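Undergrad: Take this structure, written in structure tokens, and hold onto it; I'll ask about it next.
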Amino acid sequence: REAPTARSGSAGAPAEGIRAKGPRSSLREQMPGLRPGPPSRTHSGRLPDPFPHPNPRNALHVGSVMCPAGCSHVNGFKVDNWKQNLRVIYQCFVWSGTAETRRRKAKSCICHMCGAHLNRLHSCLYCVFFGCFSKKHIHEHAKNKRHNLAIDLLYGGIYCFACQDYIYDKDMEQIAKEEQRKAWKLQGGCSVLASLAVILKCLSFCCPDCLELLRHNPKRRKITTNCTIGLRGLINLGNTCFMNCIVQALTHTPLLRDFFLSDRHKCEMQSNSCLVCEMSQLFQEFYSGHRSPHIPFRLLHLVWTHARHLAGYEQQDAHEFLIAALDVLHRHCDDNGKKANNPNHCNCIIDQIFTGGLQSDVTCQVCHGVSTTIDPFWDISLDLPGSSTPFWPLSPGGDSGVVNGEGHLTGSTTLTDCLRRFTRPEHLGSSAKIKCGGCHSYQESTKQLTMKKLPIVACFHLKRFEHSAKLRRKITTYVSFPLELDMTPFMASSKESRVNGQYQQSVDVLNNDNKYSLFAVVNHQGTLESGHYTSFIRQHKDQWFKCDDAIITKASIKDVLDSEG
Amino acid sequence: MSKELQMRAAINQKLIEMGERERLKELLRAKLIECGWRDQLKAHCKEVIKEKGIENVTVEDLVAGVTPKGRALVPDSVKKELLQRIRAFLAQHST
């Protein structure tokens, strides 16, 4: 149905979004610089969280790494009616959902040795004994009685005195989780998930208006792992699938979602043509629970107004739309002149999420002086094998006459291949001499791009549409892409350490700083002249859906990874 | 037991009995996540683990290692809010 318009030079093709690590909990001042952790989710606690954090005791999970085989001492406990016993302990002394159990907990939860209540009280799992953990009273008990296991009465963690650490047993964790959920239900009186209950409580305390709102809207939406909230089709308004596929990707960008659903946008525009306000509205539509397709006519109108080159009912390029949309959103984010003061350091939500820094090192071949510039970017456009620009070999400065795409024999091209090519040193040749700052003359030089700063969300764009002087065509080379991508090899810092000879291929399990996980893929089907855009988006943690304008269907991970990208 | 300790124990009992202690815990958790404390501490924990090596660190080591910083990093506003809430609760429930 539609294909991109031919625009000089810039070949556009399906953009592919990859999201970094879990959504950041605090999207505020400290965001730039501080990189998010591993894909565990942390939320600001105020949003209806579609990914409820199953286990809040995050820090404790560190231990599970240490002892992969698990604790062997739990088997001694797992006899007879142990599950029921453990449940009773959780019900009565840890989570205490009912008034009766709370009363009992309040009375009995003191150290049997010193009578104190606040030194991280633990209970023996083998007999009735409570003891301070901080003062080692429970340790003493464990040693004397050889009762190896104790439970933390505040957080429900289970400690093994033989292993000298908290332990992580699947069955036990399951029981703990179930009992905690039950307790919340009992206390909350309604069947919302723990995280939502927390939110309500939190709201009721900090914001009386919100409480009022909640009273007037008693309907609660339950977010389960198989609910479809957030999924909504978009009507095609006449070749607008280029917009629909990007809107789907944007509305499922966790950080953007958190930003908009928490109502963070304070509009400062005079007219009512603010695209950010429209996005806010759009998020409300998407997460309203309505199942009928949404008609994005207001959005389209605003796009036409603010990005004139995309106006009309012609077929457009999705990548171009993405960049135009980010640009307009960025401009509308705070329109009160903050940007004018410091154009390079914008703090708007778009820049916080999407902006990275690309380092370009130009090395003079004569004096080996390096001049470095760093440019911000929103997306990375990658050349494909099969395009008329030489793709291989990867050897620095290799002659460029080598056959395209054939240097690579190990099967399909990967996204990593494309990135490797993107970041390889490139000989600029005699026709492109650059004035060297070191030897003050025009010399041949090499240029290399690396990532100085990674964005929170990285968008990769495969240049499938080629518009050269000779030909215009779509390159259909299959490029495989992973669910998780480590960008470390493409960082400027890795290059430096490589140059200094310190580069080690150490597999650092803890270093998730440069890891991304896939959350959206935009695909183009058809030809340059006429085609159609669809997208895959991730919902919850690992469920994928295909969005084809108004139609949304469930997709498998295989469907996603096998798509052209 | 000193008077203060008795008082503390009584307050703690009341908080547990009414379920307020759990609510306070959740409130505190939410507040700390919101202000970025959790992320800061997580980063700090990672540093500690890297420093000691993953093989020889226990939760206890970690707790000992990050507690001083963790305490110091709690914003005053959060402490104040919690204190106010406890005061309000006690005022409501004192006979």
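The values are calculated or read from the model by the stated rules, or taken from the named source; none is laboratory data. Keep in mind the model is a prediction, meaning the values are calculated, not measured. Counting neighbours? That spans all protein chains shown, and the Cβs are built from the backbone with ideal geometry, glycine included.
Undergrad: Do we have A:Ser506 as under 27 Å from A:His319 (Cα atoms), of a type in the set (S, T, N, Q), surrounded by fewer than 19 Cβ atoms within 10 Å (Cβ to Cβ) and modelled with pLDDT under 85 here?
TA: Here the answer is no, as A:Ser506 does not meet what is asked.
Every residue, every condition in (1) surrounded by fewer than 18 Cβ atoms within 10 Å (Cβ to Cβ); (2) assigned to a helix (DSSP H, G or I); (3) touching a Phe, Trp or Tyr at 6+ places or on another chain (Cβ under 9 Å); (4) modelled with pLDDT under 80, yes or no:
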site	(1), (2), (3), (4)
A:Ser64	yes, yes, yes, yes
A:Asp80	yes, no, no, no
A:Phe93	no, yes, yes, no
A:Gly97	no, no, yes, no
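Undergrad: Say we look at region A:264-288 and pick out the residues that are in a loop (DSSP other than H, G, I, E, B) and within 20 Å of the chain's Cα centre (by Cα); which of these is modelled with the lowest pLDDT?
TA: A:Arg264
Undergrad: Mind checking which residues of region B:53-69 are more than 10 Å from chain A (Cβ to nearest Cβ) and in contact (Cβ under 8 Å) with a residue 12 or more places away in the chain?
TA: Within region B:53-69, B:Gly65, B:Lys69 meet the criteria.
Undergrad: I'd like to check which helices (runs of 4 or more DSSP H) are fully inside chain B and have at least 3 residues that are more than 19 Å from A:Leu118 (Cα to Cα) and of a type in the set (A, V, I, L, M).
TA: B:20-34, B:37-52, B:59-73, B:76-93
Undergrad: Hey, another quick one. Which count do you get for residues in region A:458-492 that are farther than 24 Å from A:Asp317 by Cα and more than 17 Å from the chain's Cα centre (by Cα)?
TA: Of the residues in region A:458-492, 4 are farther than 24 Å from A:Asp317 by Cα and more than 17 Å from the chain's Cα centre (by Cα).
Undergrad: For region A:105-142: of the residues being in contact with a Phe, Trp or Tyr (Cβ under 7 Å, 6 or more places away or on another chain) and basic (Lys, Arg), which is farthest from A:Ile89 (Cα to Cα)? Don't jump to the end; show me each part of the working.
TA: Keep residues of region A:105-142 that are in contact with a Phe, Trp or Tyr (Cβ under 7 Å, 6 or more places away or on another chain), which gives A:105, A:109-112, A:119-123, A:125, A:139, A:141-142.
Still in the list and also basic (Lys, Arg): A:105, A:120.
Details: A:Lys105: 10, A:Arg120: 16 Å.
Selected residue: A:Arg120.
Undergrad: Going by what's in this entry, would A:Gly70 be described as more than 10 Å from every other protein chain (Cβ to nearest Cβ), farther than 26 Å from B:Arg21 by Cα and not in a helix (DSSP H, G or I)? Spell out the reasoning first.
TA: On the way: more than 10 Å from every other protein chain (Cβ to nearest Cβ): yes; farther than 26 Å from B:Arg21 by Cα: yes; not in a helix (DSSP H, G or I): yes.
Answer is yes for this residue.
Undergrad: Of the residues that make up region A:119-134, is at least one among the hydroxyl-bearing types (Ser, Thr, Tyr), closer than 25 Å to A:Cys71 by Cβ and within 37 Å of the chain's Cα centre (by Cα)?
TA: No, because not a single residue in region A:119-134 is among the hydroxyl-bearing types (Ser, Thr, Tyr), closer than 25 Å to A:Cys71 by Cβ and within 37 Å of the chain's Cα centre (by Cα).
Undergrad: Now for a separate question. Here is a check on your reading of the model: is A:Ala150 crowded, with 19+ Cβ neighbours inside 10 Å and of a type outside the set (Ser, Thr, Tyr)?
TA: Answer is yes for this residue.
Undergrad: Looking only at region A:155-180, filter to residues that are touching a residue at least 40 places away in the same chain (Cβ under 8 Å), surrounded by fewer than 18 Cβ atoms within 10 Å (Cβ to Cβ) and assigned to a loop (DSSP other than H, G, I, E, B); which one of those is nearest to the chain's Cα centre (by Cα)?
TA: A:Tyr155
Undergrad: Residue by residue through region A:86-115, note down the ones that are more than 8 Å from chain B (Cβ to nearest Cβ) and more than 43 Å from the chain's Cα centre (by Cα).
TA: Selection gives A:Arg104, A:Ser108, A:Cys111, A:His112, A:Met113, A:Cys114.
Let's see how each residue does on (1) over 30 Å from A:Lys182 (Cβ atoms); (2) surrounded by fewer than 18 Cβ atoms within 10 Å (Cβ to Cβ):
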site	(1), (2)
B:Lys3	yes, yes
B:Gln6	yes, yes
B:Glu17	no, no
B:Lys25	no, yes
B:Trp37	no, no
B:Lys42	no, no
B:Asp61	yes, yes
B:Val66	yes, no
B:Ala72	yes, yes
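Undergrad: So is A:Gln84 surrounded by fewer than 20 Cβ atoms within 10 Å (Cβ to Cβ), part of a helix (DSSP H, G or I), in contact with a Lys or Arg (Cβ under 8 Å, 6 or more places away or on another chain) and at pLDDT 85 or above or not? Break it down into steps so the answer makes sense when it comes.
TA: Details: surrounded by fewer than 20 Cβ atoms within 10 Å (Cβ to Cβ): yes; part of a helix (DSSP H, G or I): yes; in contact with a Lys or Arg (Cβ under 8 Å, 6 or more places away or on another chain): no; at pLDDT 85 or above: yes.
Taking the combined requirement at face value, the residue does not satisfy it.
Undergrad: Condition check: more than 9 Å from chain B (Cβ to nearest Cβ) and either under 25 Å from B:Gly19 (Cβ atoms) or surrounded by fewer than 19 Cβ atoms within 10 Å (Cβ to Cβ) (or both). Does A:Asn144 satisfy that?
TA: yes
Undergrad: Okay, moving on. Scan (1) within 18 Å of A:Leu154 (Cα to Cα); (2) touching a residue at least 24 places away in the same chain (Cβ under 8 Å); (3) facing another protein chain (nearest Cβ under 9 Å) for the single condition B:Leu28 breaks and write down its number.
TA: (3)
Undergrad: Ok, one more. Go through (1) exposed (fewer than 13 other Cβ atoms within 10 Å of the Cβ); (2) touching a Lys or Arg at 6+ places or on another chain (Cβ under 9 Å) for B:Ala10 and report which single condition fails.
TA: So the condition that B:Ala10 fails would be (2).
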